[in-house]
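The values are calculated or read from the model by the stated rules, or taken from the named source; none is laboratory data. Being a predicted model, the structure only gives us computed values, none of them experimental. Cβ atoms come from the backbone with ideal geometry, glycine included; neighbour counts cover every protein chain shown. Accessible surface is based on the protein model in full, side chains and every heavy atom, while ligands, DNA and RNA are left aside. Shrake-Rupley method; radii C 1.70, N 1.55, O 1.52, S 1.80 Å.
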Amino acid sequence: MGVGTVTDWQRFSLARARQSLRRSLARSRQQQAGGRSPRVQSQREQLEQSLQKLESGLIRVAVFGAVSRGKSAVLNALLGQRVFATGPLNGVTQWTRSVMWQLPSPTGTIPVELIDTPGIDEIAGGERAIMAMDVAKQADLILFVVAGDLTQTEYLALCQLGELGKPLLLVFNKMDLYPELDQAQILAQLRQLGRGERLPLGLDEIACVAAEPNPRRVRHERADGRVEEAWETPTPDVRALEEKLRSLLSSQGMALLALNALVQGREAERAIAQAKLDARSEEAEQLIRDFALYKGAIVACNPLFVVDVIGGTVADLLLVRSLARLYHLPMTSHEAGKLLRTIFVSAGGLLLGETLGNALFGGGKLGLLAGGFPGFLGMALSQGAIAASGSYVVGQAAKTYLEQGCTWGEAGSDTVIREILSQLGEEARGNRQ
């Protein structure tokens, strides 16, 4: 991308994304539980690819649509030459194909990889369907080409692509085949559809093009008065699409690149964390059972009401710390806040058990101990059981939060993704004002 096209906040987004991915990659390379497994190696390679893509500055634009909607023709018109195969038969594009494109902008050029895909109505199921979804996940921007009213297949495909959370631009091709009144009606229907919950498109996110206009009969009147007719093919018109791409990628391209790299990195990091959990699941379960047993025994034997609650809470905190050390995963403040609620619930259950015991037996364990060992034993066992079960719940919750917490924290991918999305939202609101 040319110098001057990247705003300060985009540079900041790139720096934050780079910091986050490098941190994730460094952590994944540590020799820890599951670190040598093929599963972890594969996800580590995904992290490396995400970082490499971020460093390259190359923006991937993938084009989807049903057969005969002119996907390849749209790309050829953008490129200004016939690179992708087109033809009258359905399904000319059988597999994905990509080509580099330098999108002109007022301050330089924007490097873009244009990716053509098979028709969505020909890739349901099987290897090509998996390939198409993988292409969509890797893309920074998705173009969806239509040529009139949406079919049910197109609508479902749009919804599925929309669930990926990627920027999506609708391209209304073959405009030259419709009278102006029909064009207006189709656009109104597409925009109405874009206001739905499953497919939230903005009113300005539809580009109208004629990528491969049909030949038309033209009358030529010569100087001598003779009139001749000939078939001429109009020049492709994709100016609206090119302008939208130029505007979007100039103002947000690097942020979109950072966002997609972070999303890919987040999936890989979570998979690595889950692999670590799986590799040491037996050790973790034993650790949780030990803490539950110790906490239950201490609460059962201790006669002091306040010490039970405080000591039980401390034991739960030590359990969380021990699990984090076992897995070598961080307990970030984001997930620690959620886990503290679980610990407080555990302490509350213990407190409630102590209160009910006092009410039923007419005094605490000290009073029952003075009155006789059987009464003390019954209350001690019930409170110990409550304490042990609470500790077990805390341990299981900690495992979940440790897996999720790896993507939070100061440079976590979830944290940086939220920052970028917030900034994109502010810029979008500023552009509408």
What is the number of the single condition among (1) in contact with a strand residue (DSSP E or B) (Cβ under 6 Å, 6 or more places away or on another chain); (2) more than 18 Å from residue 171 (Cβ to Cβ) that residue 233 does not meet? (1)
Residue 216 fails exactly one of the following numbered conditions: (1) in contact with a Phe, Trp or Tyr (Cβ under 9 Å, 6 or more places away or on another chain); (2) open to solvent by less than 60 Å² (accessible area, probe 1.4 Å). What is the number of that condition? (2)
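To keep it simple, each residue is scored yes or no on (1) without any contact (Cβ under 8 Å) to a residue 60 or more places away in the chain; (2) open to solvent by 70 Å² or more (accessible area, probe 1.4 Å).
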| residue | (1), (2) |
| --- | --- |
| 224 | yes, yes |
| 230 | yes, no |
| 243 | yes, yes |
| 251 | no, no |
| 254 | no, no |
| 260 | no, no |
| 263 | no, no |
| 267 | no, yes |
| 274 | no, no |
Could you please let me know if residue 93 is at pLDDT below 85 and under 30 Å from the mean Cα position of the chain (by Cα)? yes
Return the pairs, sorted by first residue and then second, in which the second residue is surrounded by 13 or more Cβ atoms within 10 Å (Cβ to Cβ) and among the basic types (Lys, Arg), the first residue lies in region 168-189 and is touching a residue at least 60 places away in the same chain (Cβ under 8 Å) and part of a strand (DSSP E or B), the beta carbons are less than 9 Å apart, and the residues are 6+ apart or on different chains. 169/244; 171/69; 171/71
Here are 63, 74: which of them is at pLDDT 85 or above, crowded, with 23+ Cβ neighbours inside 10 Å, in a strand (DSSP E or B) and touching a Leu at 6+ places or on another chain (Cβ under 9 Å)? 63
Being of a type in the set (D, E, K, R) and at pLDDT below 75 is the filter; apply it to region 181-221 and report the residue that is nearest to residue 63 (Cα to Cα). 204
Residue that is nearest to the chain's Cα centre (by Cα), among those in region 37-55 that are of a type in the set (Ser, Thr, Tyr) and either at pLDDT below 85 or part of a strand (DSSP E or B) (or both): 42
Search result, residues across region 375-392 that are surrounded by fewer than 18 Cβ atoms within 10 Å (Cβ to Cβ) and at pLDDT 75 or above: 385, 389
